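Colleague: Please find one structure pasted underneath; my questions will follow.
The values are calculated or read from the model by the stated rules, or taken from the named source; none is laboratory data. Owing to the predicted nature of the structure, the values given are computational and were not obtained by experimental measurement. Using ideal geometry, Cβ is built from the backbone for each residue, glycine included, and neighbour counts are taken over all protein chains shown. Accessible surface is based on the protein model in full, side chains and every heavy atom, while ligands, DNA and RNA are left aside. Shrake-Rupley method; radii C 1.70, N 1.55, O 1.52, S 1.80 Å.
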Amino acid sequence: MTSMLFPRSVFALPVCALLISSSAAQVRQIDGTTTLFNNVRVFDGKGASLSELTNVLVRGNLIERISPAPIAVDRSATAAIIDGGGRTLMPGLIDAHWHAMLVRPTPAQALGDVGYNNLDAGDEATDTLMRGFTTVRDVGGPVFGLKRAIDQGIIKGPRIYPSGAMITVTSGHGDFRQLTDLPRTIGGMLSRMEQVGGSMVADSPDEVRVRVREQLMQGASQIKLTAGGGVSSPFSPIDVVTFTEAELRAAVEAAENWGTYVTVHAFTPAAIQKAIAAGVKCIEHGFLMDDATARLISEKDIWLSLQPLPEELRQGFVVGSVERAKADEVWPGISRAYDFAKKYKIKTAWGTDVLFSRALAQRQGAILASLVRWYTPAEALAMATGTNAELLALSGKRNPYPGKLGVVVEGALADLLLVDGNPLDDLGLIADPSKNFKIIMKEGKIYKNALPK
Ligand SMILES: [Zn+2]
């Protein structure tokens, strides 16, 4: 009967439109619940010291008021009043280089059962939030479904700024095909890693535009390309520059048309300089940069997204393997990159880049605490909160969570941690979140409360 009234092609249209509008409407509604934190010392995500004892009122998903004078609230059923007992209230942590879908699986599993991988990543997302990370910038992986499920409250996890698939050239970092998969025909069959959305191969400006726009269509808040060789990829020597400047520029143009930016994986001066010439706004890693390149990054006001990769990770690569040789070349650059970042006052973001290791993910806070090699605890914490949030805001009109993140100020989004102790005296406190984070709040909602009753 339906098909008599509505020819098939006409019928298909409104159904499609309905599906789209209902998914957008499913984002969790914010209620007017209030939480009052009394007697806390605030680390605001920027400064070098804690505030005097103060009180912080959260209403809905926002920090409404901060005042050393008592704040009055209705003692209704929807108001929670928490005695902070002089503990530290600070912004939720932000990891600027995360791969939510690639934390737990082995590389082979990542190409395997998509349903299982999403459930596993969902469980890891909950762990991530329970470590105090309320936001991550995801720089590669099929993360759109996970993000949607978290935003809808189906599963607990951090806010996710998704890049979608990493975009790479044939043989580049992120091309995990085997030689038996060659040759590729443009417009032909996709490899398994492309089918699951882990990375996409593009070998011309036109192909780059297609792949970038596909990620934007799926909700990418920024675009990630690999502009040079990588440690873990089998067919990309460290020294190579992968995309041409025209290809990089095509990505930048497509992203900027959508009001957002491109970030690139790049180690060497040549790869970094080519990316900057093409209009890329953020460099991931940059470990093999030289003095002139560091100065260029600073002068052009480009973001540098650094990771204090643990030494055990290098030692995890088998001695004598190609990957180990590449790791041995890259690792000494980590400390040099931090020295350059400080020397030239480069806008520096912090992240972990945990891949294929649940055990390492559990040390996410410890990896942040390892920044004390180069920074004061306050500088390190500001980097993982207020500064990282500035990088997130670079996604402009594609920002999935407009509002202030990474700071404790009136009007900011209420992503908060109540810490037992003063992390500005002992940054090691953040390495043990299960013990030291007494309250974890995201978007005004308490996900953990371990204060004594
Ligand atoms: Zn990465």
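Colleague: Among the residues of segment 301-316, write down those that are more than 16 Å from the ligand (Cβ to nearest atom) and surrounded by fewer than 19 Cβ atoms within 10 Å (Cβ to Cβ).
Modeller: If the condition is that a residue be more than 16 Å from the ligand (Cβ to nearest atom) and surrounded by fewer than 19 Cβ atoms within 10 Å (Cβ to Cβ), then ASP301, GLU311, GLU312, GLN315 are the ones that fit.
Colleague: Let me ask something else. Can you pull out every residue in segment 362-379 that is in a helix (DSSP H, G or I) and either of a type in the set (Phe, Trp, Tyr) or within 13 Å of the ligand (Cβ to nearest atom) (or both)?
Modeller: Taking segment 362-379 and keeping what is in a helix (DSSP H, G or I), we get 364-373, 377-379.
None - no residue of segment 362-379 is in a helix (DSSP H, G or I) and either of a type in the set (Phe, Trp, Tyr) or within 13 Å of the ligand (Cβ to nearest atom) (or both), so the list stays empty.
Colleague: Under the condition of being more than 19 Å from LEU306 (Cα to Cα) and part of a loop (DSSP other than H, G, I, E, B), which residue from segment 261-285 is farthest from the chain's Cα centre (by Cα)?
Modeller: Taking the candidates together, the pick is ALA278.
Colleague: Would you check if ALA393 is within 21 Å of ILE63 (Cβ to Cβ), of a type in the set (Gly, Ala, Ser) and open to solvent by less than 30 Å² (accessible area, probe 1.4 Å)?
Modeller: Spelling it out, it is not the case that ALA393 is within 21 Å of ILE63 (Cβ to Cβ), of a type in the set (Gly, Ala, Ser) and open to solvent by less than 30 Å² (accessible area, probe 1.4 Å).
Colleague: Inspect all residues belonging to segment 350-361 and state whether any of them is within 25 Å of VAL262 (Cα to Cα) and of a type in the set (A, V, I, L, M).
Modeller: Pass one, segment 350-361, residues within 25 Å of VAL262 (Cα to Cα): 350-356.
Subset that is of a type in the set (A, V, I, L, M): 354-355.
Yes.
Colleague: What do you reckon, is THR387 among the β-branched types (Val, Ile, Thr), buried (at least 17 other Cβ atoms within 10 Å of the Cβ), at pLDDT 95 or above and not in a helix (DSSP H, G or I)?
Modeller: On the way: among the β-branched types (Val, Ile, Thr): yes; buried (at least 17 other Cβ atoms within 10 Å of the Cβ): yes; at pLDDT 95 or above: yes; not in a helix (DSSP H, G or I): no.
So THR387 fails the test.
Colleague: Kindly indicate whether any position in segment 401-408 is at pLDDT below 95, within 16 Å of the ligand (Cβ to nearest atom), surrounded by fewer than 20 Cβ atoms within 10 Å (Cβ to Cβ) and not aliphatic (A, V, I, L, M).
Modeller: Among the residues of segment 401-408, not one is at pLDDT below 95, within 16 Å of the ligand (Cβ to nearest atom), surrounded by fewer than 20 Cβ atoms within 10 Å (Cβ to Cβ) and not aliphatic (A, V, I, L, M), which makes the answer no.
Colleague: Follow-up question, since we're still on this one. Given the structure, is LEU381 within 17 Å of the chain's Cα centre (by Cα) and closer than 24 Å to GLU64 by Cα? Spell out the reasoning first.
Modeller: Details: within 17 Å of the chain's Cα centre (by Cα): yes; closer than 24 Å to GLU64 by Cα: yes.
Yes, satisfied.
Colleague: Quick one: how many residues across segment 122-154 are in contact with a Ser or Thr (Cβ under 9 Å, 6 or more places away or on another chain), charged (D, E, K, R) and open to solvent by 10 Å² or more (accessible area, probe 1.4 Å)?
Modeller: The number of residues fulfilling the criteria is 2.
Colleague: Further question on the same structure: What pairs come out if I take residues in segment 347-365 that are open to solvent by less than 30 Å² (accessible area, probe 1.4 Å) and pair them with residues that are more than 16 Å from the ligand (Cβ to nearest atom) whose C-beta lies under 6 Å away, six or more apart or interchain?
Modeller: Matching pairs, first to second residue: THR348/ALA341; TRP350/MET383; TRP350/ALA384; GLN364/ARG131; GLY365/ARG131; GLY365/ILE430; GLY365/ALA431; GLY365/PRO433.
Colleague: Among the residues of segment 242-254, are any in contact with a Cys (Cβ under 9 Å, 6 or more places away or on another chain), under 26 Å from ILE297 (Cα atoms) and of a type outside the set (S, T, N, Q)?
Modeller: no
Colleague: How about segment 180-199: which of its residues are free of Cβ contacts under 8 Å to residues at least 40 places away in the same chain, in contact with a strand residue (DSSP E or B) (Cβ under 9 Å, 6 or more places away or on another chain) and either of a type outside the set (Gly, Ala, Ser) or within 18 Å of ALA121 (Cα to Cα) (or both)?
Modeller: Within segment 180-199, ARG184, LEU190, GLU194 qualify.
Colleague: If you don't mind, there's one more thing I want to ask. Could you look through segment 347-361, keep only residues that are in contact with a strand residue (DSSP E or B) (Cβ under 7 Å, 6 or more places away or on another chain) and not in a loop (DSSP other than H, G, I, E, B), and pick out the one that is farthest from the ligand (Cβ to nearest atom)?
Modeller: Among those that are in contact with a strand residue (DSSP E or B) (Cβ under 7 Å, 6 or more places away or on another chain) and not in a loop (DSSP other than H, G, I, E, B), it is THR348.
Colleague: Hey, among the residues in segment 274-300 that are more than 16 Å from the ligand (Cβ to nearest atom) and small (Gly, Ala, Ser), which one's surrounded by the fewest Cβ atoms within 10 Å (Cβ to Cβ)?
Modeller: Among residues in segment 274-300 that are more than 16 Å from the ligand (Cβ to nearest atom) and small (Gly, Ala, Ser), the one surrounded by the fewest Cβ atoms within 10 Å (Cβ to Cβ) is ALA292.
Colleague: Out of segment 76-86, which residues are part of a strand (DSSP E or B) and either within 16 Å of the ligand (Cβ to nearest atom) or buried (at least 20 other Cβ atoms within 10 Å of the Cβ) (or both)?
Modeller: Correct list: ILE82 only.
Colleague: Also, quick follow-up: With the requirement that a residue be in a helix (DSSP H, G or I), within 16 Å of the ligand (Cβ to nearest atom) and open to solvent by 30 Å² or more (accessible area, probe 1.4 Å), what does segment 317-346 give you?
Modeller: GLU323
Colleague: Of all residues in segment 155-166 being open to solvent by less than 40 Å² (accessible area, probe 1.4 Å) and either more than 16 Å from the ligand (Cβ to nearest atom) or of a type in the set (Phe, Trp, Tyr) (or both), which is nearest to VAL196 (Cα to Cα)?
Modeller: TYR161
Colleague: On to the next question. Can you name the residue in segment 58-75 that is among the β-branched types (Val, Ile, Thr) and outside any loop (DSSP other than H, G, I, E, B) and is also farthest from the ligand (Cβ to nearest atom) among such residues?
Modeller: ILE66
Colleague: Here's something else I'd like to know. Restricting to helices (runs of 4 or more DSSP H) lying wholly in segment 87-154: which have 3 or more residues that are away from the ligand (no atom under 16 Å from the Cβ)? Quick ask: steps written out before the conclusion?
Modeller: On the way: elements: 107-110, 114-130, 144-151.
In segment 87-154, the matching helices (runs of 4 or more DSSP H) lie at 114-130, 144-151.
Colleague: Here is a further query. How many residues are more than 28 Å from ALA359 (Cα to Cα) and in a loop (DSSP other than H, G, I, E, B) when one looks only at segment 286-316?
Modeller: 5
Colleague: Determine which member of the set PRO452, PRO423 is of a type outside the set (Val, Ile, Thr) and surrounded by fewer than 20 Cβ atoms within 10 Å (Cβ to Cβ). Walk me through how you get there before you give the answer.
Modeller: Values: PRO423 fails: surrounded by fewer than 20 Cβ atoms within 10 Å (Cβ to Cβ).
One residue alone meets the criteria, PRO452.
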